[in-house]
There are 4 protein chains.
Amino acid sequence: MIGIGVVGYGYWGPNLVRNFSETAGAKLISVCDLRLERLSAVRDRYPAVEITDDFEALLRDPRIDAIAIATPVSSHFRLAMRALMAGKHVFVEKPIASTVEEAQRLVDEAAKRRLVLAVDHTFIHTGAVRKLREIVQDGLGEVYYYDSVRVNLGLFQHDVSVVWDLAVHDLSIMDFVLQEKAVAVSATGMSHVAGEPENIAYLNLFFDSKLIAHVHVNWLAPVKVRRTLIGGSRKMIVYDDLEPSEKIKVYDKGITLNGNPQKNGEKVYQMLVGYRTGDMWAPHLNVTEALASELRQFVDCIDRAETPEADGQAGLRVVRILEAATLSLTQRGRVIELEQARCVA
Amino acid sequence: MIGIGVVGYGYWGPNLVRNFSETAGAKLISVCDLRLERLSAVRDRYPAVEITDDFEALLRDPRIDAIAIATPVSSHFRLAMRALMAGKHVFVEKPIASTVEEAQRLVDEAAKRRLVLAVDHTFIHTGAVRKLREIVQDGLGEVYYYDSVRVNLGLFQHDVSVVWDLAVHDLSIMDFVLQEKAVAVSATGMSHVAGEPENIAYLNLFFDSKLIAHVHVNWLAPVKVRRTLIGGSRKMIVYDDLEPSEKIKVYDKGITLNGNPQKNGEKVYQMLVGYRTGDMWAPHLNVTEALASELRQFVDCIDRAETPEADGQAGLRVVRILEAATLSLTQRGRVIELEQARCVA
Amino acid sequence: MIGIGVVGYGYWGPNLVRNFSETAGAKLISVCDLRLERLSAVRDRYPAVEITDDFEALLRDPRIDAIAIATPVSSHFRLAMRALMAGKHVFVEKPIASTVEEAQRLVDEAAKRRLVLAVDHTFIHTGAVRKLREIVQDGLGEVYYYDSVRVNLGLFQHDVSVVWDLAVHDLSIMDFVLQEKAVAVSATGMSHVAGEPENIAYLNLFFDSKLIAHVHVNWLAPVKVRRTLIGGSRKMIVYDDLEPSEKIKVYDKGITLNGNPQKNGEKVYQMLVGYRTGDMWAPHLNVTEALASELRQFVDCIDRAETPEADGQAGLRVVRILEAATLSLTQRGRVIELEQARCVA
Amino acid sequence: MIGIGVVGYGYWGPNLVRNFSETAGAKLISVCDLRLERLSAVRDRYPAVEITDDFEALLRDPRIDAIAIATPVSSHFRLAMRALMAGKHVFVEKPIASTVEEAQRLVDEAAKRRLVLAVDHTFIHTGAVRKLREIVQDGLGEVYYYDSVRVNLGLFQHDVSVVWDLAVHDLSIMDFVLQEKAVAVSATGMSHVAGEPENIAYLNLFFDSKLIAHVHVNWLAPVKVRRTLIGGSRKMIVYDDLEPSEKIKVYDKGITLNGNPQKNGEKVYQMLVGYRTGDMWAPHLNVTEALASELRQFVDCIDRAETPEADGQAGLRVVRILEAATLSLTQRGRVIELEQARCVA
């Protein structure tokens, strides 16, 4: 039985607490928050769980094997590092940290101490994204592009741009679904509120192959859109997360290339493009709550000394892109190479 | 009565011929094409219209006041220039020419000879886009962003990239709808067919204000999308050209900014963002065929010595962005300033 | 402060308990259920609320002013009648009872004792249905038809047909929205599971005017649909309850009649129908939880000795149509007059 | 080569003329209409086709083997009968005639003279409906229900109700797709224009099995809907004819019945219903113009002395239901048996 402490009972913490309290193999010991009214909300809802406003108490508690962190991103590094240094396994909200350097230090610390470090890339535990990976990696052929639109009205954040708030989801999904990793990134965007971070942004991800990825995130859209198009040489996918049931549609569509060498005055090669349109197929998806299986995986990894799917390295890869995108945003989309960083890592 | 000659009876030419033959004040005299089977198609359908494979014959014909050009873009400049030099008014398919230099020379020639030079930016004559301009210029408030997705499967072209084929529509619509003109452009994209131009591309348009514009064009998408989001300080718009009736939806949504000066240790100003959601409204749209009113306007402009809404300058502005985007595409999205060009023009 | 007892903690009961525990002016005293595991679920969640498996205990408890009943429909009459006879105000799940006779007896008992008798027609407390009534009663003109489709896969019930399970919602909405009351009903349907009640049914409601109403309910549909069309002489409405935001769309569409008296051999009157199409408008809707305002209204009515919008009479009217429809179902849609029943009532 | 004469060049006639002029094996000889301006429209468009306002001329013309009739329904019988009596094969617009008696006489006359009698049930020649039949007859299992909604604004007709105008399509599709034939029909509806036929109607079709069919047709709807749900024991279908590409969606969904005999006090048999949800699949559809293959089939049937898919019997079956529905409409949905009629036929 793995003893769990949760720190932060704001927006996402209640989901962690609810799910940990139902995770086989885990025992939720204590919840920590600095706000007394949040602690009293825990007590009303979970009378058997201890509450505290003292993070150190969690660190000292020998019944607690792992700490889950659901606080603002600026505190992730500090809390996670202290938990690791106290010998606790750690589960951190996304993004794992505010900078590449912080993320790298967490990864190193966890590795040194052989502790499980997991980042809460919740989407990769949904039935939709798991099916997406299955299809992309077996059936799509060569992956041509990945295009995501994730827009809605609100909630504007004051400390991070829309890239850190919304694009982080797309980056974590791409990290899981695509076999290739981006080598460079550029981003453009705009803030429409004076003195505040960008509320609309467009990211380009460049790869060594012919794959191109693009993400549109926007806090100021009249409608909510969560739609990803993925094109491959053999199939194409529309993943619409707002569809109640058929979230993933696989189209047997594409182009066929007829290399037809014709000698003539102007072109040696006349490439003919043909169009292929076949059936569409929407696979049935597992609808288990993603967070439930994510936490079960975290607990299992502690038990068996295994590595979770979204480990510290995954968290680091995502933060590396976020950091580069943020830099690019200030320079009207200058391309930032991720290569060097990659070599260092 | 304005005598009309049409050159090119391929994909779009038949629409010009059909509409000119029904335009009050115009008389379709002759259709020119190099392919005899296309000419015989004209004769079958319009026994009263003359046919010829000799472009010079149109130029010499005193009954012909204006020439409409619906040939491949690479021939636009040559044919349009000869028509202007023969004293004919000219209506050219979009884009007006292959380069800024060509477009500029057409503009200059038409100005010198006081001839009407129109470019076929068909979309600006649709009920939807005319309503769009009306709302954007009176009701939207400050325009924050313009975001268009124009994707489908096919038709791949061999001589121009998807930017020249599809984004040209968005650029012509923006030129008509937005009061501001872009000052810089960047574009990223990819070709998935060896040796062929880009089949997917993302354009960013930069303005002097806080407006940002973005266009996603793609010949290799599993579904057809024609959707534009426009955000303003007072209203927001979704323009979906595939909707059979409610193509334009105006949302009384947005953010409200409460400048709330609070003295405290860290921030003198605490900006609070509020969200406003009100009714949605889909205005009834005029459904007249766009090309019909476009040609009527062309003929009227000749009659009255007026300037059409999409004149040579509009065609030039669009080509300037297309040319800059094409350059940017080869440099992974380097920003190309349009300022200087603007000054020259 | 109104003391509340809730009986039944199955599917809907938890919603009542959660909302009553947050209703100003109400104090949730006790929850009753025969199943001990359900009672222990109450205790875990609401430690301060008393639990019992003895319905009589609620009746005897002087702190309890009102009893809310969320048990299977077959027990509604018995429990509600006993509560009324014990001097308690009553709030009953829909439908209010299993037969017209039962419903009538509840109405009479409540009237005699001057107690509040409310039926849980939840939908009429949604922002959408309240807006619907506003538009139908002021703006639609003469109401021509009301057409509802309410279909999905599951949940098949064993004791009542799909009419009692799903159409009850439409009947309660119509009762609230339309100013006219139906005078006759017919219904056709089919059971596809041997020995079980109808899982698909079509209801026709007849009125004294030119209004016609129709309801399609189905437990065996591949997709979920919740869509109502309402046509009037001045406007038409689409109410789609599955739309996340624009649930109600009002179309300025319809026909215009030109009475054009022409004497000729065959017709003295030639009626010409014209078509009118204008804007569409989706009003912003209140998104408060319906049940919360419904329970607040119930408590207020007790306080002020007023009649709730969905009182016993409303419950009775709906059961009268359900009972007639059930009879008609067995006779392939024979029309059952509601007139006589109406006179008696 | 089969010589063709077309009578009626109004709304649908031009489609017949255009398609016959391109049908291999057919030669369009002459078009007949009483209105001179319609005949001149034929001459402008098809200079090689003869025109006449004398129907008898078609009958006498030995080059004409078959006559296609696209006139108002009230004249179908008279024109078709004269054509058959003149020894011509006949292709008639839907519905084949105004009454069962007329339709029967046409069928008998054609049979007696061994002439091909076809009715223009265009929909059964679309890729969508052909695929529908394939799936319904092989894959759906036992067919449980067929539910169609076919509504829009306009065009009101003065001589026939919406049933004859719109439901005729559904009846012809059902006749083709379902293996069973209806044994009884009922219909309710309403006219909202004084003195005019019903503009909204609901049809029920009863079968000997557990199949139930229902059609909602409406000329006064704010939106256009063309949606059919078909439920079977193994699969379920949504056929949406307004979808640009995926018109047919096949859902691997349904119920599973567990006959679980349990002796207990109340029920010997406890039937448990389970729900099964699997993949959805949208087959690729043939997009050839339906009318083209329909006319080719007509010509082929004449050549080979075969029976077309939509022969006089199919036309008669559809008219039999239309006539019964019309009778039922006047009696608030009284069930009209088709059995007897069936025996006679």
Practice item. With θ set to phi - 60°, apply the Karplus curve 6.51 cos²θ - 1.76 cosθ + 1.60 along the range D:181-192 and write out the HN-Hα couplings as whole Hz, x wherever there is a Gly or Pro. Key: 10, 5, 10, 7, 9, 9, 8, 10, x, 7, 9, 9
Point to revise | Separation in nanometres of the label points that stand 7 Å from Cα toward Cβ, at residue C:181 and residue A:304 | key: 6.6 nm
Revision key, fill the gap. Long-range amide H partners of residue A:98, meaning residues 5 or more apart or on another chain whose placed amide H is closer than 5 Å, are A:77
Check your understanding: How large is ³J(HN,Hα), in whole Hz, for each residue of the range D:59-75 in order, when computed from phi with the Karplus curve 6.51 cos²θ - 1.76 cosθ + 1.60 and θ = phi - 60°, using x for Gly and Pro?
Key -> 5, 7, 6, x, 6, 8, 8, 9, 10, 9, 10, 10, 10, x, 4, 5, 9
Review point. Fewest to most neighbouring Cβ within 10 Å: what's the order for A:53, D:252?
Key: A:53, D:252
Review point. What's log10 of I(q)/I(0) for the range C:120-166 at q = 0.13, 0.23, 0.29 Å⁻¹, Debye sum over Cα points only, no solvent?
Key: -0.48, -0.98, -1.11
Check your understanding: Over chain A, what is the relative contact order in whole percent, taking alpha-carbon pairs under 8 Å and six or more residues apart?
Key -> 19 percent
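Taking each residue in B:141-154, count the Cβ atoms of any other chain within 10 Å of its Cβ, then average. What number comes out?
The shielding value for this peptide is 3.
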Exercise for review: Kindly state, to the nearest 0.05, the FRET efficiency for residue B:331 paired with residue A:210, given R0 = 30 Å and r defined as their beta-carbon distance.
Suggested key: 0.95
Review point. Taking Cα pairs under 8 Å and at least six residues apart, what relative contact order does the range D:196-244 come out at, in percent?
Key: 25 percent
Point to revise | Cβ-Cβ FRET estimate between residue D:60 and residue D:272, R0 fixed at 60 Å, reported to 0.05 | key: 0.25
Review point. Hey, for residue C:87 with labels 7 Å out along Cα-Cβ, what do the inter-copy distances come to in nm, ordered shortest first?
Key: 6.7, 10.1, 10.9
Point to revise | For residue C:47, inter-copy label distances in nm, listed shortest first [label point 7 Å out on the Cα-Cβ vector] | key: 0.5, 9.7, 9.7
Check your understanding: For chains B and C related by rotation, which residue of B has the Cβ nearest the axis, and what is the rounded distance in Å?
Key -> B:281, 3
**Study point:** Calculated label separations, residue A:304, copies of the chain, 7 Å along the beta-carbon direction, nm
**Key:** 6.2, 6.3, 7.9
Point to revise | Pairs beyond 18 Å (Cα-Cα), from A:253/D:247; A:247/D:253; D:181/D:253; A:88/A:112; C:247/D:247 | key: D:181/D:253; C:247/D:247
Practice item. For residue D:92, list long-range residues whose amide hydrogen, built 1.01 Å from N in the peptide plane, is under 5 Å from its own amide hydrogen. Key: D:69, D:118, D:119, D:120
Exercise for review: Pull up all non-local amide H partners of residue D:141: gap of 5 or more, or a different chain, and H-to-H distance under 5 Å with H placed in the peptide plane.
Suggested key: D:234
Practice item. Only helices at least 24 Å long along their axis, Cα-based, and averaging 0.0 or more on Kyte-Doolittle count here, so list those DSSP H runs from chain C. Key: C:312-329
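Test of understanding: express the Cα radius of gyration of the protein assembly as shown as a ratio to 2.2 N^0.38 Å, with N the residue count.
Values: Rg = 35.5 Å, N = 1380, 2.2 N^0.38 = 34.3 Å.
Working it through for the protein assembly as shown, the quotient is 1.04.
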Check your understanding: If one computes P(r) from the Cα atoms of chain A, what percent of pairs lie at distances over 33 Å?
Key -> 34 percent
Point to revise | Karplus 3J(HN,Hα) series, Hz, for the range B:246-257 with 6.51 cos²θ - 1.76 cosθ + 1.60 (x for Gly, Pro) | key: 7, 6, 10, 10, 10, 9, 7, 9, x, 10, 10, 10
Point to revise | Relative contact order (percent, whole number), the range B:120-225, Cα cutoff 8 Å, 6+ residue spacing | key: 37 percent
Practice item. Arrange A:12, A:164 by Cβ neighbour counts within 10 Å, fewest through most, would you? Key: A:12, A:164
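Taking loop as defined by DSSP and a crowding limit of 12 other beta carbons within 10 Å, which GluC sites (Glu not before Pro) in the range A:129-189 fit?
A:142
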**Study point:** Full-extension gain in nm, residue B:18 to residue B:289, via 0.36 nm per residue minus C-alpha separation
**Key:** 96.4 nm
**Study point:** Footprinting exposure proxy for D:145, B:146, D:11 (fewest neighbouring C-beta atoms within 10 Å first)
**Key:** D:11, D:145, B:146
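In deg cm²/dmol, rounded to 500, what helix-only [θ] at 222 nm does the protein assembly as shown give when every DSSP H run of at least 4 residues adds -39500 (n - 2.57) and the total is split over its residues?
-9500 deg cm²/dmol
We did not get these values from a lab; they are worked out from the coordinates using the rules stated. On a predicted model such as this, the values are computed, not experimentally measured, just so you know. Virtual Cβ from ideal backbone geometry, glycine too; neighbours counted across all protein chains shown.
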